[in-house]
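The values are calculated or read from the model by the stated rules, or taken from the named source; none is laboratory data. Note that the structure is a prediction, hence the values are computed from the model and not measured. We place every Cβ from the backbone using ideal geometry, glycine too, and count neighbours over all the protein chains shown.
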Amino acid sequence: MQLFKAVVTALALCTAFATQARTLDEVKKGGKILVATEGQFAPFNYFKGTKLTGFEVEVAELVAKKMGLAIEWKTLGFDALLTGLGQNRWDVVIASHGVTEERAKAVTFTAPHYCSGGMIIALDPAIKSAKDLAGKVVAVQTGTSYLENVQKLSTIKEMKNFPTDVDARSALSSRRVDAWVTDRFVAKEVVEKNPGAGLKLGEMLFIERIAAAVAKDNSSLAAAWNKALGEVMADGSYATVSKKYFKEDVRCPN
Ligand code: ARG
């Protein structure tokens, strides 16, 4: 019994330590911050050949530099990103997550690095607004706020979800679905880069603030990130990167 108790206590301690997020000081001591993203959501986080790049990848690099840290990037499926924070597998997630109440129960969001929202895209120019989705099949990426918001539309015929946003887009291009809901800047870029594809931008379904996240209540790290983000927003470097990708400044208005 005594031994059993000791083993249980040891196990409990191990789990407690293993799942404890690294504080700012611990990250600084290591010199490297582990940042996870998806890498399949252009122009925000994607691979150009073998190089991970994109608007928020570059913003994260600016922020980390201000914090005096180098980033070690991890890329994996969108669905696993926030969960990994709770398991202390990485320090930060930056993958265009909209700040939602539900997610905020599990993780701590930093200050937003851009403002956007879900937009409807279709091949049929008559599909523009939420009401035009009545009786239609709509594609979204699994685990996203697009899924959450499309689910609320009671008149649609069916919602199909896909592991990546790229898959959701392909489903539209190959006419397996009638519409696709994705980020407005993703949508704009896809339409601009594929002028012959017949894709039509519809209306925005909802708006959201997009932020990075740290493990729940890792406040020292969140505070340092927010301070550094504030600095890159003030010194012009954020604006330069934003204009490079979008020809406009995409920061949230306040
Ligand atoms: N903004 C949406 C959300 O909050 C989609 C994010 C998708 N990100 C990605 N890396 N695929 O869920």
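Taken as a whole, the structure places Ala212 among residues that are at pLDDT 95 or above and within 23 Å of Leu82 (Cβ to Cβ). In the range 65-98, of all residues being aromatic (Phe, Trp, Tyr) and more than 10 Å from the ligand (Cβ to nearest atom), the one that is surrounded by the most Cβ atoms within 10 Å (Cβ to Cβ) corresponds to Trp90.
Exactly one residue out of Leu172, Leu153 is of a type outside the set (Ser, Thr, Tyr) and under 21 Å from Glu102 (Cα atoms), and it is Leu153. Taking each residue of the range 237-252 that is surrounded by fewer than 13 Cβ atoms within 10 Å (Cβ to Cβ) and looking for partners that are polar (S, T, N, Q) with beta-carbon atoms closer than 9 Å, six or more apart or interchain, yields Glu248/Ser242. Selection of the range 120-132 for residues being of a type outside the set (Lys, Arg) and either part of a helix (DSSP H, G or I) or over 27 Å from Phe78 (Cβ atoms) (or both) yields Asp124, Pro125, Ala126, Ala130, Asp132. Taking (1) within 20 Å of Ile207 (Cα to Cα); (2) in contact with a Lys or Arg (Cβ under 9 Å, 6 or more places away or on another chain) in turn, Lys188 satisfies each apart from (2). Checking each residue of the range 207-229 against the condition of being in contact with a Cys (Cβ under 8 Å, 6 or more places away or on another chain) and of a type in the set (Val, Ile, Thr) gives at least one match. Of all the numbered requirements in (1) over 30 Å from Thr23 (Cα atoms); (2) among the small types (Gly, Ala, Ser); (3) out of contact with any helix residue (DSSP H, G or I) (no Cβ under 6 Å at 6 or more places or on another chain); (4) crowded, with 20+ Cβ neighbours inside 10 Å, Gly196 misses one, and that requirement is (4). Close contacts from the range 78-105, counting a first residue that is touching a residue at least 60 places away in the same chain (Cβ under 8 Å) and more than 25 Å from Arg184 (Cβ to Cβ) and a second that is of a type in the set (A, V, I, L, M) and within 14 Å of the ligand (Cβ to nearest atom), with Cβ to Cβ under 7 Å and a gap of 6+ residues or different chains, come to Leu85/Val93; Leu85/Val107; Leu85/Ala213; Gly86/Ala106; Asp91/Val35.
Across the range 17-37, a minimum of one residue is classified as touching a strand residue (DSSP E or B) at 6+ places or on another chain (Cβ under 6 Å), closer than 20 Å to Glu189 by Cβ and either within 11 Å of the ligand (Cβ to nearest atom) or touching a residue at least 12 places away in the same chain (Cβ under 8 Å) (or both). Note on the range 45-83: residues that are aliphatic (A, V, I, L, M) and within 14 Å of the chain's Cα centre (by Cα) amount to 7.
Filtering the range 133-177 to residues that are part of a strand (DSSP E or B), more than 10 Å from the ligand (Cβ to nearest atom) and not polar (S, T, N, Q) leaves Val137, Val138, Ala139, Glu158, Met159, Lys160, Phe162.
When the residues of the range 99-121 are narrowed to those that are polar (S, T, N, Q) and within 11 Å of the ligand (Cβ to nearest atom), which ends up farthest from Phe246 (Cα to Cα)? Result: Thr100. Filter the range 191-214 for residues that are touching a Lys or Arg at 6+ places or on another chain (Cβ under 8 Å) and either within 16 Å of the ligand (Cβ to nearest atom) or hydrophobic (A, V, I, L, M, F, W, C) (or both); which is nearest to Lys227 (Cα to Cα)? Going through the qualifying residues, I end up with Ala213.
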